[in-house]
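Report on the structure given below.
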Amino acid sequence: MDHLDDLVDLYEYRVEDLLQGRTPKGGKQALLRLRQLLIQSRLPGPLAKRFRQADARFRAQRRALAPEAQAPVELPAIAVPEEPEPPPPEASPLAALALKVWRLQVERDVKARLEALLAGRREELRLIHAFLDNFALYRETPGFKRDFNLSRFVPTRPIPSLSDTLMDLDDPKVAQALVVDFLETARELPKLLPLPPEETRTYVRRFLNRLLEWEGAYNLPPKPDLPALRRALEEARRLGAGEKEVAQLEERLRKAAQEARRRELLLEEEKGRFRVALEKVVALLSLLPTPQGETPWPRVPEPGQEEEGLLTLRLAPGPVALGPLTLTLSHAGGTWYLGLEGEDHPLEDTLVLPWEDLEVWAVRENDLLHLRLEARSGLRLYELLAEGRLLAYLLHPGKDYAYLRLLRGLSARLKGEFQAQAFGPALAEKYRKAPEEALQDFARKGLELTLKRLGQADPLPLLQEVGQALGLEAEAQTLGQALREYLGRRPPTRETLGGEVHFLALTPEPQALKVDQHVLSVRLKEDAVYLGQAGEVPRRLKDLLVYRLGGKALVLAREGRRLAYTLLPLP
C-alpha cells in the first residue's frame with residue numbers, strides 16, 4: 001500500500017512538472033511508463049481517485065498541445081478495480097541464491113578494478129565515500145521518499161581529503177568494501193524510493209552532481225571577503241586616512257584578490273577532476289544486475305536440474321557430482337560441511353574453494369545449495385573468451401572482411417590518418433590469402449592497438465563515422481556495440497559471456513570435443529595443443545583460437561591444462 005501511495009505521489013509530481021512547463025524526471029517516456037504501470041495496478045479507492053484526477057489533468061494538457069487540425073490523441077481509459085492490494089510475493093529461494101552469487105561476482109569484479117581505483121589521488125573512492133556519507137544522512141530526513149528530483153537535498157559532508165588518516169583509502173580491503181557498499185546502496189534504491197530500477201543510474205548521477213555543485217565539498221579555504229575590503233578602503237580614503245594606512249589596506253586587498261583568483265583556479269581544477277571521477281563512479285553501476293545495471297542475473301537452475309558447471313540441490317548427506325569433481329556433503333554437530341579432495345569445509349552462506357585453475361562456489365539458502373564451477377579469480381580464461389568474441393567478428397569474411405576493415409579504419413581515425421579508399425573491399429584480398437593463424441595474430445594486434453588508442457572514449461560515434469564513409473553503417477553499429485560491451489564488462493563473467501561456457505581438462509591422449517553436430521579432436525602434444533576435424537590439417541591452439549563451424553564460431557581459450565570454450569553465432 002505504501003509503495004503504491006509513493007508511486008501515485010510520483011505521478012502527481014511528474015504531471016505537475018509537465019503542467020508547469022518543466023521536463024518531468026526521466027522524460028515523458030518515463031511518465032508514460034509510470035502511468036501504464038498505475039493503470040495496470042489494483043489501486044484502492046482513495047489512491048484510484050487521486051490517480052484519476054491527476055490523469056485527467058495530464059490528458060487535458062495533451063489535448064491542449066495537440067494541433068487543431070489533428071484529432072487529439074486519446075490515452076487508454078482507466079479502469080481501476082476497488083479490490084484491496086494483494087500482498088507482495090515473497091522472494092523465491094532461487095532469487096536469494098542468485099543474489100548471493102551476484103555478490104560473490106561483485107566482490108571479485110571490484111577486486112580486479114582496485115589497481116585503477118587506488119592509483120593517483122583516488123578521486124573515485126573519495127567521491128564514493130562522500131556519496132555514502134551524504135546519502136546516509138539524507139535518507140533520514142522527512143522529505144526523502146518524495147524528493148525524486150533531489151530538489152530539497154542539501155549536501156553537508158565534504159569529499160574527504162587525500163591526507164585524511166581516518167579514511168585509510170590506500171588499503172585495498174577498505175577500498176573494496178567501500179565500492180561494494182556503494183553498489184549495494186545503489187541496488188537498494190528502488191526499495192527505499194518508489195523509483196523504477198532503470199532510473200537508478202540517473203538518480204545517482206543527479207545526487208553526485210548536486211554534491212559537486214556545492215563549493216563546500218572540496219575542503220577549500222574560506223573565500224576572501226573582497227567587497228568588505230573594498231568598502232574599508234573607500235571609507236579610509238573618504239575619511240582622509242594617512243597614506244600608510246591606505247597603502248596597508250590596498251596591499252591587503254591585492255593579496256586577497258590574488259588569493260581569490262588562486263582559489264577559483266583550484267576550485268575549477270578540483271571540479272574538473274571530480275567530474276571525470278563522477279563518470280567513472282557511475283560506470284561502476286554497470287556491475288548492478290539488470291535492469292538497474294548491465295550484468296545479467298546469475299543462472300541458478302531449479303533443484304535437481306544440472307547444467308554445465310551449475311547445480312542446485314537440497315541439502316542431504318552424500319556425494320555430489322559437479323562436472324569433473326566429486327564433492328561430499330556431510331552434517332555433524334548442527335553444521336553442514338562440503339568436502340573437496342578429502343578436506344571438509346564448514347558450509348554457511350557462501351563458500352569459495354580453489355581447485356586447480358578453477359573455483360568451486362557454494363551458496364546456501366536454508367536447505368537449498370547452489371554449486372558452480374568458475375574460472376579462478378585471475379579470470380584469464382574468461383578474459384580470453386571475451387577477446388575471442390570480438391575476434392569472431394573481425395575474422396568473419398562477410399562483406400569482404402567488413403569488421404576487420406572497420407577496426408583498422410577506426411584505428412587510423414583515432415590516429416588522425418583515416419582515408420576511406422585505403423580501407424575499401426580491395427584490402428580483403430590480402431586477408432583471404434593470409435594463413436588463418438597469421439590473420440588471427442594480425443587481428444589481435446590490431447585490436448590491442450585500437451583499444452590502446454581509444455582509451456576511455458566511446459567507440460560507437462567514431463565507428464559510425466568510419467562506417468558511413470565505407471558504406472558499412474549496420475556493421476559499424478554492431479561492432480561498436482560489441483566493443484562497448486567488451487570495454488564495459490571487465491572483468492567478464494560466465495553470464496556476460498552468454499552463459500554457455502564449457503571447460504575441458506587437457507590430457508596427452510586425444511580427446512573428442514562434441515560441438516553441435518561436429519566432433520573435433522583435441523590433443524596435447526608436449527606443450528602445444530592441436531585441434532581439428534577428421535580429414536583436415538589440425539590447427540594449433542596457443543592461448544586463443546577462433547574456429548569456424550558452419551554458421552557459427554567456436555572460441556577456445558587455454559591456460560595451462562585447462563581449456564574453456566563457447567559457441568557463438570556468426571554475425
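The values are calculated or read from the model by the stated rules, or taken from the named source; none is laboratory data. Here the structure is a predicted model, which means the values were calculated and not measured. Quick reminder, even Gly has a Cβ in these numbers, built from the backbone with ideal geometry, and neighbours come from all protein chains shown. Just so you know, the surface numbers come from the protein's heavy atoms only, side chains and all, with ligands and any DNA or RNA stripped out. Shrake-Rupley method; radii C 1.70, N 1.55, O 1.52, S 1.80 Å.
Within the stretch 374-391, the set of residues being touching a strand residue (DSSP E or B) at 6+ places or on another chain (Cβ under 9 Å), open to solvent by less than 10 Å² (accessible area, probe 1.4 Å) and either assigned to a helix (DSSP H, G or I) or at pLDDT 85 or above (or both) comprises Leu381, Tyr382, Leu384, Leu385, Gly388, Leu391. Right, Arg273: assigned to a helix (DSSP H, G or I), open to solvent by 90 Å² or more (accessible area, probe 1.4 Å), touching a helix residue (DSSP H, G or I) at 6+ places or on another chain (Cβ under 7 Å) and among the charged types (D, E, K, R) or not? Spelling it out, it is not the case that Arg273 is assigned to a helix (DSSP H, G or I), open to solvent by 90 Å² or more (accessible area, probe 1.4 Å), touching a helix residue (DSSP H, G or I) at 6+ places or on another chain (Cβ under 7 Å) and among the charged types (D, E, K, R). Note on the stretch 125-167: residues that are in contact with a helix residue (DSSP H, G or I) (Cβ under 9 Å, 6 or more places away or on another chain) and either not assigned by the TED database to the domain that holds Leu208 or not aliphatic (A, V, I, L, M) (or both) amount to 22. In the stretch 432-462, the residue that is most open to solvent (accessible area, probe 1.4 Å) out of those that are in a helix (DSSP H, G or I) and farther than 27 Å from Lys542 by Cβ is Pro461. Looking across Glu465, Glu429, Glu473, one residue alone is open to solvent by 80 Å² or more (accessible area, probe 1.4 Å) and either among the aromatic types (Phe, Trp, Tyr) or over 32 Å from the mean Cα position of the chain (by Cα) (or both). It is Glu429. Considering only the stretch 163-194, state which residues are closer than 30 Å to Leu31 by Cα and open to solvent by 10 Å² or more (accessible area, probe 1.4 Å). Within the stretch 163-194, Glu184, Thr185, Arg187, Glu188, Pro190, Lys191, Leu192 meet the criteria.
If you go through the stretch 10-32 and keep only what is part of a helix (DSSP H, G or I), of a type in the set (Lys, Arg) and surrounded by 14 or more Cβ atoms within 10 Å (Cβ to Cβ), you end up with just Arg14. Somewhere in the stretch 172-188, is a residue in contact with a Phe, Trp or Tyr (Cβ under 8 Å, 6 or more places away or on another chain) and outside any helix (DSSP H, G or I)? Checking the stretch 172-188: not a single residue is in contact with a Phe, Trp or Tyr (Cβ under 8 Å, 6 or more places away or on another chain) and outside any helix (DSSP H, G or I).
Look at (1) closer than 28 Å to Gly293 by Cβ; (2) open to solvent by 40 Å² or more (accessible area, probe 1.4 Å); (3) outside any helix (DSSP H, G or I) and you find that Leu497 fails only one, number (2). When we screen Arg146, Arg103 for residues that are open to solvent by 50 Å² or more (accessible area, probe 1.4 Å) and either closer than 15 Å to Leu278 by Cβ or at pLDDT 90 or above (or both), the only hit is Arg103.
Residues considered: Gly304, Gly318, Gly339. Of these, the only one that is more than 20 Å from Ala505 (Cα to Cα) and open to solvent by 50 Å² or more (accessible area, probe 1.4 Å) is Gly304. Among the residues of the stretch 510-559, those identified as among the acidic types (Asp, Glu) and in contact (Cβ under 8 Å) with a residue 12 or more places away in the chain are Asp516, Asp543, Glu559. Kindly indicate whether any position in the stretch 74-91 is in contact with a Leu (Cβ under 9 Å, 6 or more places away or on another chain), open to solvent by 30 Å² or more (accessible area, probe 1.4 Å), at pLDDT 90 or above and not basic (Lys, Arg). Among the residues of the stretch 74-91, not one is in contact with a Leu (Cβ under 9 Å, 6 or more places away or on another chain), open to solvent by 30 Å² or more (accessible area, probe 1.4 Å), at pLDDT 90 or above and not basic (Lys, Arg), which makes the answer no.
Apart from one condition, Tyr547 fits all of (1) under 30 Å from Arg484 (Cα atoms); (2) not in a strand (DSSP E or B); the exception is (2).
Checked against the criterion of being open to solvent by 10 Å² or more (accessible area, probe 1.4 Å), of a type in the set (Ser, Thr, Tyr) and touching a residue at least 24 places away in the same chain (Cβ under 8 Å), the stretch 344-351 contains one or more residues that satisfy it. Considering Glu243, Glu268, Glu279, the condition of being among the charged types (D, E, K, R), within 30 Å of Ala98 (Cβ to Cβ) and open to solvent by 80 Å² or more (accessible area, probe 1.4 Å) is satisfied by Glu279 alone.
In this entry, Ala362 is excluded by the filter for residues that are open to solvent by 20 Å² or more (accessible area, probe 1.4 Å) and free of Cβ contacts under 8 Å to residues at least 40 places away in the same chain.
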